[in-house]
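Worksheet: one structure, shown below.
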Amino acid sequence: MVNNNPIGLFDSGIGGTSIWKEIHLLLPNEKTIYLADSKNAPYGQKSKEEIIHLSCKNTEFLLEQNCKLIVVACNTATTNAIKELRAKYKVPFIGIEPAIKPAALHSKTQKIGILATKGTLNSELFYKNVEQFQDIQILEQIGYGLVELIENGQINSAEMEELLLKYLTPMIQSNIDYLVLGCSHYPYLIPQIKKILPQNITIIDSGEAVAKQTKKILQESVGFREISSPSKCLFYTNSNPNVLSEILENNYPIIVEDF
């Protein structure tokens, strides 16, 4: 099946580019449109109603660009709004959730850590996922301040290091052997996190799994793009484009628009 329309992705900012990179790596011939709602970042501290409203607004922007599939490249938006999005719009949605299952199934110490936003950890969907693993001790930590620092280009700052030490030290002391990153911004912190964690602790994020699911949906029902025409990747932001440009290593044009 051929479908030349683009894949749409949105996030509360630049974090979902970690998901976009995995999708682009697996499906380099597909056109993509990425929406960074940085003006409203972070979503993690907002109410469920606000998150649903922003997710609908982002979806409608991407549908105006004729997107054939939408990736909700944000844990908080997925866990709080994907049910409403699927009920309201006909386009297929792919969400991103903390990868609790692989961590729980492979843990030797029966203890795993989850670093995520307040919006994700307090959601009904997250609670349902956690409920399945009664025999595993799950140490939850809200990453207060992390998204804001990433959005401000302060990934390697002393303040970031201080926060990560504060959040991860109790998990290390509790003998976790898996750390699940429950926010699409957090993969950009992996180099700093690795400096803090002992080598026996495995870090898991959801990017690769989301890319594989995207390919599966295209294969089964939506359709791939014809390879004859060049693929195009568009990036939109409603805030300062500098940090997004740095994350993308200045390889792609960024359109600043007040959506």
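Scanning segment 233-259 for residues that are part of a strand (DSSP E or B) and surrounded by fewer than 15 Cβ atoms within 10 Å (Cβ to Cβ) returns Ile255, Val256.
Restrict the check to segment 213-221 and report whether at least one residue is more than 23 Å from Lys90 (Cα to Cα), open to solvent by 40 Å² or more (accessible area, probe 1.4 Å), part of a helix (DSSP H, G or I) and not charged (D, E, K, R). Looking for residues that are more than 23 Å from Lys90 (Cα to Cα), open to solvent by 40 Å² or more (accessible area, probe 1.4 Å), part of a helix (DSSP H, G or I) and not charged (D, E, K, R), one finds none in segment 213-221, hence no. The condition (being open to solvent by 10 Å² or more (accessible area, probe 1.4 Å), part of a loop (DSSP other than H, G, I, E, B) and either at pLDDT 95 or above or touching a Lys or Arg at 6+ places or on another chain (Cβ under 7 Å) (or both)) is satisfied by just one residue among Asn80, Asn66: Asn66.
Within segment 205-223, being under 18 Å from Lys21 (Cα atoms) and out of contact with any Pro (no Cβ under 8 Å at 6 or more places or on another chain) holds for Glu208, Ala209, Val210, Ala211, Lys212, Gln213, Thr214, Lys215, Lys216, Leu218.
Annotation note: of Gln154, Gln134, the sole residue that is under 21 Å from Leu244 (Cα atoms), free of Cβ contacts under 8 Å to residues at least 60 places away in the same chain, surrounded by fewer than 16 Cβ atoms within 10 Å (Cβ to Cβ) and among the polar types (S, T, N, Q) is Gln154.
This table checks each residue for (1) of a type in the set (A, V, I, L, M, F, W, C); (2) within 22 Å of the chain's Cα centre (by Cα).
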site	(1), (2)
Tyr167	no, yes
Tyr188	no, yes
Lys195	no, no
Lys215	no, yes
Ser228	no, no
Cys233	yes, yes
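The values are calculated or read from the model by the stated rules, or taken from the named source; none is laboratory data. Note that the structure is a prediction, hence the values are computed from the model and not measured. Glycine also receives a Cβ, built like all others from the backbone with ideal geometry; neighbour counts cover every protein chain displayed. These accessible areas exclude ligands, DNA and RNA; they are computed on the full protein's heavy atoms, side chains included. Shrake-Rupley method; radii C 1.70, N 1.55, O 1.52, S 1.80 Å.
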